[in-house]
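Reviewing the structure listed below.
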Amino acid sequence: MQNRLRPTLASLVLLILATGLVDSVSAARPAARNDTCTSAPLHVASPDWRDQIIYFAMIDRFDNADSRNDDQGAEEFDPTDGRRYSGGDLAGLSRRLDYIHDLGATALWITPPVANQWWDARHQYGGYHGYWAEDFMRVDAHAGTLDDYRKLSRCLHARAMFLIQDIVVNHVGNFFRYDGVIDADDPAHGFHINTDAKPHDAPTRYPFSLNDVRRKKDRAAAIYHWTPDIIDFADTHQLQNWQLAGLDDLNTENPLVRKALRQSYAFWIDKVGVDGYRIDTAFYVPPEFFDDFLRNKDRKAPGILDVAARNGQRNFLLFGEGFAMDAPYKDESARKIDRYLRDESGKSRLPGMLNFPLYGSTLDVFARGKPTAILAHRIDSMQRVHANPHFMPSFVDNHDVDRFLAGGSEDGLKQALLLIMTLPGIPVIYYGTEQGFSEPRASMFATGFGSGGRDHFDRDAPLYRYIQRVSELRRTHPLLSRGTPTVLASNAASAGVLAYRYGDGDETLLVVFNSSDEPTLLAALDTGLPPGTALQSLFSIDGEGANAVLDSEGTLTLRLPARSGQVWKVGAAPRNFSGGTAPITIESLPEGELTGDLELKGSAHGTDQLRIVIDGRLASSTVVAVDSGGRWRATIDTSGFIDPSISHEVLAWSEDSSTTSRVQKFRVRRDWHELVDVEDPVDDDRGLLGTYRYPTDPLWQTARPLDLRGVRVSASGNSLRIALHMHQLVAAWNPPNGFDHLAPTIYIELPNRKDGARVMPLQNSSLPGDMRWHLRLRAGGWSNTLTRAESASAANEGIAQTPAADLHVDRAHNTIEFTLSAAALGYPATLSGTRILVTTWDYDGGYRALKTEPGSAHFGGGDGDHDALIMDQSAVIRVP
């Protein structure tokens with residue numbers, strides 16, 4: 001990276017930051033005023049992308065510097081409506097570059113600035129996001145002018161920052177459609193031009209303008225695949241040749257299309273000085289397309305890498321979007337992503353792909369409280385599956401998924417940010433994350449959608465200051481951006497420890513997390529380092545890191561605070577280190593699965609009591625006395641252990657001497673007992689008023705996915721399982737959770753409690769009768785959120801609770817099963833008297849809209865500002 005600090009100066013800056021005297025990022029990299037940008041170069045040499053930190057902004061939602069371009073007269077502009085343009089523009093980005101620079105970002109990634117379809121009347125949605133191109137080689141009027149874009153590029157380069165443009169090669173906007181059954185022999189059958197598209201009903205630049213199959217020259221040109229919408233995302237042919245959500249699919253096998261796309265995106269490198277491209281919907285074109293797009297040797301229309309090289313950009317960054325996440329401990333999606341990085345022989349295709357599998361595992365662990373072993377597997381997997389994970393951008397949220405804070409806590413978000421800053425991959429910060437946004441596409445500026453009527457450029461915001469600190473950590477320790485981590489410890493059973501180490505001979509770093517909401521025990525971490533080695537604290541999430549020293553075995557035992565994250569630099573080991581304590585033992589456990597309580601016994605000397613710690617959980621550890629003969633025994637309740645596939649760990653710990661026994665492992669199999677099975681009336685999916693209608697898109701009509709047919713409740717100990725039987729489960733949009741067009745929301749009232757809430761957040765309703773909820777579960781194709789009732793209101797879902805429910809989908813039997821552990825329920829003394837209410841609706845960054853008349857993407861039959869967003873609702877179910 002350019003302008004890297006010398007080690008002595010970096011140390012000084014960190015010291016000054018610790019005392020709170022100056023902003024370290026501003027001190028480290030001097031900013032440039034926008035009025036000096038005109039002399040900055042349009043083209044600059046490529047950086048080492050491994051060292052960069054990317055800030056991702058949606059142009060329309062970031063800042064509005066020129067209100068004159070807001071409304072183009074096509075009824076597409078309305079900042080009160082999230083479906084329409086809000087007014088952000090390129091000039092707004094330029095005037096906020098110091099804000100982005102001082103956060104710690106070194107590159108800016110923006111949504112496509114190209115001329116777009118402004119309004120899709122059929123889907124009642126606008127192209128404010130930039131992904132519905134009408135002309136690939138013209139700046140959209142809402143974004144500004146070509147000169148505005150060139151100024152943004154120069155102003156970035158003046159700050160030693162870089163510009164990444166989002167591009168699309170798979171499709172244009174929604175200018176044509178197919179109605180009814182298609183005829184493979186007659187592509188004109190059922191074909192219609194969407195004449196109500198605005199501002200045009202076809203792309204305006206050749207050859208993309210040849211979009212009417214009814215014209216012979218258009219059909220012969222074959223610029224498009226004349227196909228309907230994708231139905232089966234598991235079908236590769238449909239994925240690469242049919243329309244994604246109505247967007248006209250380009251025939252990327254056609255040499256004319258390939259040439260036109262190369263010329264289109266060469267334009268922005270030549271004319272604007274773009275430094276890199278993020279490629280939208282990469283999975284929807286064949287991997288082989290990118291060999292041509294990057295490396296074609298046509299002199300008149302060369303590949304993108306040659307175009308960049310002739311402008312002095314010899315390390316031009318391209319990374320694709322492959323929206324696919326793996327289930328815990330699985331790698332199928334990661335391997336699919338890798339096919340876009342290299343071919344079967346290992347030859348490079350794209351330099352990078354967004355690391356969606358890492359994102360999914362990050363969300364599981366830090367937002368949902370799942371076992372840290374999920375992330376340990378992912379860290380190892382991404383280095384094993386991918387040849388160079390350092391060029392795969394990593395992220396904690398973006399414009400296509402829920403914000404982290406929509407289902408996770410701020411403490412979890414800080415951990416997730418520290419993770420991506422200390423792992424291989426280019427960290428990406430999505431705009432608004434630094435301001436604590438929970439709405440996926442809210443505006444940063446006061447007059448934009450979802451802004452709450454105020455600007456959000458607060459440099460003193462806690463998350464802004466935190467990202468400055470963690471960015472500085474990465475920038476001043478290149479080992480974090482260029483090294484290879486080795487996982488040292490994780491927890492296979494629950495939230496808790498995750499530890500990994502870097503070492504390159506010159507420097508060794510140790511990174512340790514506790515993902516639990518409770519203190520956890522880091523027990524005898526085998527660091528592979530000499531006894532007595534000193535650990536110098538470089539970073540702590542809470543800002544109060546402490547140094548440490550390894551014991552006589554070269555291991556580290558510490559009580560880790562809840563939701564902590566720490567980075568240590570390894571110092572020298574003393575030549576003559578002496579130490580050692582009396583041993584603690586646990587006698588071997590019987591082989592096989594336990595079906596009852598865990599009986600333990602062992603020995604200890606030099607202490608009169610021990611803590612028996614299961615899976616690192618100190619809050620639920622058991623204190624046992626050691627007798628005068630050095631013997632002890634304990635009985636551990638295992639009723640909360642619900643998954644027989646999980647290997648639990650138990651050890652004995654002397655807090656006084658910080659000594660532990662060796663870890664013993666065990667498994668538990670407890671029976672589940674059905675408590676209640678309730679049928680729900682058939683075909684009552686019409687809302688509480690009985691007047692609601694599904695969206696007009698045919699799949700809603702045929703599948704009726706919100707019709708609840710029954711609820712079955714089971715228990716194992718004080719853990720709870722809720723199974724929903726639906727009319728039909730569908731997965732039309734390739735959701736990672738295995739279903740879509742449905743977001744059940746489940747309210748749980750725990751027994752013997754007088755607190756709780758009656759309001760049903762975001763659903764315009766309250767619980768029936770005298771029911772109050774303590775826990776609320778909302779799940780969809782891309783989300784799985786558990787919240788507590790504290791702080792809940794009509795507009796607030798409450799406080800995130802971990803661990804979230806385990807989710808199992810059986811589409812063959814149209815069943816979704818949610819399992820809530822005793823820990824998720826707060827360890828209730830009993831489940832008898834628990835009350836449960838199940839509701840159905842759909843969720844897409846918020847509960848789907850309800851209007852008087854249904855549309856392709858919203859429900860009809862009510863007033864969404866006042867009427868309950870509930871399509872079907874169970875009776876109140878009481879656990880006996």
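The values are calculated or read from the model by the stated rules, or taken from the named source; none is laboratory data. None of the values given here were measured: they were computed from a predicted structure. Cβ coordinates were reconstructed from backbone atoms using ideal geometry, including for glycine residues, and neighbour counts include every protein chain displayed. Surface areas here come from the heavy atoms of the whole protein model, side chains and all, with no ligands, DNA or RNA. Shrake-Rupley method; radii C 1.70, N 1.55, O 1.52, S 1.80 Å.
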For this session: List, in order, the whole-Hz ³J(HN,Hα) value for each residue of the range 417-432 obtained from phi through the Karplus relation with A = 6.51, B = -1.76, C = 1.60 and θ = phi - 60°; use x for Gly and Pro.
Result: 5, 5, 4, 5, 7, 10, 10, x, x, 8, x, 10, 9, 7, 3, x
Exercise. Please identify the GluC sites (Glu not before Pro) of the range 275-372 that satisfy two criteria: DSSP loop assignment and at most 16 other Cβ atoms within 10 Å. Which are they?
Worked result: E288, E344
Problem set entry | Length-normalised contact order for the chain - Cα pairs under 8 Å, 6+ apart - percent | 8 percent
Exercise. Taking θ as phi - 60°, what are the ³J(HN,Hα) couplings along the range 686-701 by the Karplus curve (6.51, -1.76, 1.60), each to the nearest whole Hz, with x for Gly and Pro?
Worked result: 10, x, 5, 7, x, 10, 6, 10, 5, x, 7, 4, x, 4, 4, 5
Seminar exercise, completed: Among the Cα-Cα pairs of the range 357-443, the proportion with separation greater than 19 Å, in percent, is 34 percent
Exercise. Using the Cα atoms of the chain to build a convex hull, what is its mean projected area in square nanometres?
Worked result: 38.1 nm²
For this session: Tell me the label-point distance for the pair V678, R758, using the 7 Å Cα-to-Cβ offset, in nm and rounded to one decimal.
Result: 1.9 nm
Exercise. Based on the Cβ-Cβ distance from D597 to E655, what FRET efficiency comes out when R0 is 30 Å, to the nearest 0.05?
Worked result: 0.80
Exercise. By per-residue mean of other Cβ atoms within 10 Å, what is the highest-first order of 435-442, 383-390?
Worked result: 435-442, 383-390
For this session: Find the relative contact order for the range 277-328 and round it to a whole percent, using C-alpha pairs within less than 8 Å whose residues are 6+ positions apart.
Result: 49 percent
For this session: List the residues whose amide H sits under 5 Å from the amide H of G710, counting only those 5 or more places along or on another chain, with H placed 1.01 Å from N in the peptide plane.
Result: D680, H725
Problem set entry | Rel. contact order, % - alpha carbon contacts under 8 angstrom, at least six apart, the range 569-679 | 31 percent
For this session: Return the FRET efficiency for the residue pair V623, S832: r is the Cβ-Cβ distance, R0 is 22 Å, and the value is rounded to the nearest 0.05.
Result: 0.15
Exercise. Residues with beta-carbon under 14 Å from that of A367, excluding A367: net charge, scoring Lys, Arg +1 and Asp, Glu -1?
Worked result: -1
Exercise. How big, on average over all directions, is the shadow cast by the Cα convex hull of the range 638-715, in nm²?
Worked result: 10.6 nm²
For this session: Would you mind getting the accessible area per residue of the chain, heavy atoms of the protein chains only, 1.4 Å probe, in Å²?
Result: 38 Å²
Exercise. Carbon and sulfur together cover what percent of the accessible area of the chain at a 1.4 Å probe radius?
Worked result: 48 percent
Exercise. Based on the Cα gyration tensor of the range 52-156, what are the three equivalent ellipsoid semi-axes, each the root of five times an eigenvalue, rounded to whole Å and given largest first?
Worked result: 24, 13, 13
For this session: Determine Rg/Rh for the range 565-681; Rg is computed over alpha-carbon atoms and Rh is the Kirkwood hydrodynamic estimate from the same atoms.
Result: 1.14
Exercise. Using the Cα atoms of the range 491-612 to build a convex hull, what is its mean projected area in square nanometres?
Worked result: 9.9 nm²
Seminar exercise, completed: About its Cα centre, the range 460-568 carries a charge dipole, from +1 on Lys and Arg Cβ atoms and -1 on Asp and Glu Cβ atoms, whose size in debye to the nearest 20 is 300 debye
For this session: Starting from the amide H of D397, placed 1.01 Å from N in the peptide plane, find each other amide H under 5 Å away whose residue is 5 or more places distant or on another chain.
Result: Y430
For this session: Can you give me the P(r) profile for the range 694-807? Cα pairs, bins 10 angstrom wide beginning at 0, each as a whole percent.
Result: 12, 39, 37, 11, 1
For this session: For V114, list long-range residues whose amide hydrogen, built 1.01 Å from N in the peptide plane, is under 5 Å from its own amide hydrogen.
Result: D140
Problem set entry | 4 °C / 1.567 mPa s Stokes-Einstein diffusion coefficient of the range 433-529, Kirkwood radius on C-alpha pairs, µm²/s | 78 µm²/s
For this session: For the range 798-808, just list the computed ³J(HN,Hα) in residue order, Karplus coefficients 6.51, -1.76 and 1.60, θ = phi - 60°, integers in Hz, with x standing in for Gly and Pro.
Result: x, 9, 4, 10, 10, x, 6, 5, 6, 10, 10
Exercise. Relative to the longest principal Cα axis of the chain, at what angle does helix 373-385 sit, 0 to 90 degrees, rounded to 10?
Worked result: 50 degrees
For this session: About the Cα centre of the chain, how large is the charge dipole given +1 on each Lys and Arg Cβ and -1 on each Asp and Glu Cβ? Please answer in debye to the nearest 20.
Result: 2300 debye
Problem set entry | Normalised per residue, the volume of the convex hull around the Cα set of the range 736-880 (Å³) | 121 Å³
Problem set entry | Using alpha-carbon coordinates, inclination of helix 255-272 to the longest axis of the chain, degrees | 80 degrees
Seminar exercise, completed: Largest-first ranking of E853, E518 by accessible area, probe 1.4 Å, whole protein assembly kept, is E853, E518
Exercise. If you place +1 on the Cβ of every Lys and Arg and -1 on the Cβ of every Asp and Glu, how big does the dipole about the Cα centre of the range 155-220 come out, in debye to the nearest 20?
Worked result: 380 debye
